[in-house]
1. Which residues, taken from the stretch 90-99, are closer than 15 Å to Val134 by Cβ and surrounded by 15 or more Cβ atoms within 10 Å (Cβ to Cβ)?
2. Name the residues in the stretch 103-119 that are surrounded by fewer than 19 Cβ atoms within 10 Å (Cβ to Cβ) and not in a helix (DSSP H, G or I), would you?
3. Could you list, ordered by first residue, the pairs with Cβ atoms under 7 Å in which the first is in the stretch 116-129 and over 11 Å from Ile99 (Cα atoms) and in contact (Cβ under 8 Å) with a residue 40 or more places away in the chain and the second is among the small types (Gly, Ala, Ser) and part of a strand (DSSP E or B), at least 6 apart or interchain?
4. Please specify each residue of the stretch 46-58 satisfying the condition of being modelled with pLDDT of 90 or more and either in contact with a helix residue (DSSP H, G or I) (Cβ under 6 Å, 6 or more places away or on another chain) or surrounded by 13 or more Cβ atoms within 10 Å (Cβ to Cβ) (or both).
5. Within the stretch 109-140, how many residues are of a type in the set (Gly, Ala, Ser) and closer than 18 Å to Glu73 by Cα?
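The values are calculated or read from the model by the stated rules, or taken from the named source; none is laboratory data. From a predicted model like this one, the values you see are computed outputs, not experimental measurements. Here Cβ is always computed from backbone atoms with ideal geometry, including for glycine, and neighbour counts include all displayed protein chains.
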Amino acid sequence: MLKSTTLAMLVGLVTLTSAVPSFAQVAGTNQRYPQASGTEYDCAAAMGHMRGVKQNDILAIDGNRIALLPICEDMTVPGKNAYGALFVNGNVNHLRQPIAYNPTLMAALSAKGYDQNDVVSLRFGGNDSIILYVHQRDMN
């Protein structure tokens with residue numbers, strides 16, 4: 001008798017929770033990918049959190065695979081080229097001179113038409129790879 005009562009309660013609970021829609025379904029929004037409101041676009045939010053990088057980290061880069069990831073360069077989207085403090089808030093603000101002295105980084109940058117002043121942030125990836133977040137400045 002106790003087993004059948006417990007089973008009936010569990011079936012009722014499962015039925016109740018599957019019938020009630022979630023808040024996201026009621027609101028009609030996708031909680032995982034929030035939309036920007038209006039014409040505002042936050043370039044730094046597209047990168048996420050960047051760990052700090054030191055000068056010795058940059059000087060130690062030698063022959064690593066480098067991937068360039070352009071950020072906020074889509075001129076067709078309103079506000080995407082209004083980068084504001086993007087270059088100041090990145091994790092390489094005071095490290096552009098060591099980037100300029102690193103032949104591996106400069107070869108990857110110049111191959112795509114960038115220079116050390118276009119680097120916004122640097123992230124260390126898996127298998128000794130490097131991801132450079134870059135933004136082509138208006139002055140180029």
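1. Residues of the stretch 90-99 closer than 15 Å to Val134 by Cβ: 90-93, 95-96, 99.
Scanning the stretch 90-99 gives Gly90, Asn91, Val92, Leu95, Arg96, Ile99.
2. Those that are surrounded by fewer than 19 Cβ atoms within 10 Å (Cβ to Cβ) and not in a helix (DSSP H, G or I): Lys112, Gly113, Asp115.
3. Ser129/Ala67
4. Residues satisfying the conditions are Val53, Gln55, Asp57, Ile58.
5. Here is the first cut: in the stretch 109-140, the ones of a type in the set (Gly, Ala, Ser) are 110-111, 113, 121, 125-126, 129.
Still in the running and closer than 18 Å to Glu73 by Cα: 110-111, 113, 121.
Selection size over the stretch 109-140: 4.
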